[in-house]
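A quick write-up on the structure given underneath.
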Amino acid sequence: MKSYVKYSMHGFNRKHKVKLNENHYEYTISDNCPYVYKNHLFLDSVYINEQITEITFYLQSEKSYKNYINEISNELERICFNLIAHSELPILQPYCLFEIGINEDGSEIHLNDKLNLREECFIFKNIPAESIYDSGLGHQTDFEKHGVTYKELFWILHSPHKVIQFMGLYDIMAQLISSPISQKKIHDYFGKNKSRYPFIRFLPSRSNAEKMEDSLTYLRNAIAHSKQLGVYEFLYTSETISDTYIKYLLIVINDLLCDE
């Protein structure tokens, strides 16, 4: 048997709550087979189970997981980041736990038991396995050079509040575009990269209708303005932040890191 490592995946297939007239999905992978690496140094394949609750890395023959555990952890983070940024999965406070590692001879077993019980009602929705693997493995990242920044992104995503996620991620994006932060330079950056980011729109500023703001900065300023108007306005504005906005920020941040 091949050596392998299994991790449990938490928060990759849930929405944090059901809103009125909004479906609450639990996704299931269909036509699922392992993704086979091409010309990898030590990995043979990776398999995400149908419920997106486990991910298993299979090593090449005669190679033991314990000799590559740090490299496997980096590959896990890369896949998870891309799933968060590029897949349609509903993500909430994502994290993974090391569950089991087995050598070719069946020795060196490590097991981490953890059980979460929760009762909820979901609508089940199938998603092709090819879509999941393409999302998780088909996009460039730079964990080797910017591992600390990616770790910071994961910590921000652990917050259950989308408004905190959005503001934290926006600040990281803004610092990568210009330091000190300049909303004009952010506007100019998106103006020069319209074809790269077709999801960015330009809207009249709330403070000056003759001034245009990119849609991410527009929402950031709307949140800041709502704080001044009181708790109800702030809560109402916070409810407009969707998973889509979080994914947009992660896509831009990742591009900025890879372009450095």
Identify the single condition in (1) surrounded by 14 or more Cβ atoms within 10 Å (Cβ to Cβ); (2) over 16 Å from the mean Cα position of the chain (by Cα) that Leu257 does not satisfy, given that it satisfies every other one. (2)
Selection from the stretch 47-71 of residues that are surrounded by fewer than 20 Cβ atoms within 10 Å (Cβ to Cβ) and part of a helix (DSSP H, G or I): Lys66, Asn67, Ile69, Asn70, Glu71
Do we have Glu104 as at pLDDT below 90, touching a helix residue (DSSP H, G or I) at 6+ places or on another chain (Cβ under 9 Å) and not aliphatic (A, V, I, L, M) here? no
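Residue-by-condition table, conditions (1) surrounded by 15 or more Cβ atoms within 10 Å (Cβ to Cβ); (2) in contact (Cβ under 8 Å) with a residue 60 or more places away in the chain:
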site: Lys162; (1), (2): yes, yes
site: Leu169; (1), (2): yes, yes
site: Lys185; (1), (2): no, no
site: Ala224; (1), (2): no, no
site: Leu229; (1), (2): no, no
site: Tyr248; (1), (2): yes, no
What pairs can you find where one residue is in the stretch 66-78 and in contact (Cβ under 8 Å) with a residue 24 or more places away in the chain, the other is in a helix (DSSP H, G or I), and their Cβ atoms are less than 7 Å apart, with a gap of 6+ or different chains? Ile72/Tyr65; Asn74/Phe143; Glu77/Phe143; Glu77/Tyr150; Arg78/Phe143
Is at least one residue of the stretch 53-60 aromatic (Phe, Trp, Tyr), at pLDDT below 95 and out of contact with any helix residue (DSSP H, G or I) (no Cβ under 6 Å at 6 or more places or on another chain)? no
Looking at (1) among the aliphatic types (A, V, I, L, M); (2) buried (at least 17 other Cβ atoms within 10 Å of the Cβ); (3) part of a helix (DSSP H, G or I), can you tell me which one Val148 breaks? (2)
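The values are calculated or read from the model by the stated rules, or taken from the named source; none is laboratory data. Every value quoted in this text rests on a predicted model; they were computed, and no experiment measured them. Neighbour counts run over all protein chains shown; Cβ positions are idealised from the backbone, glycine included.
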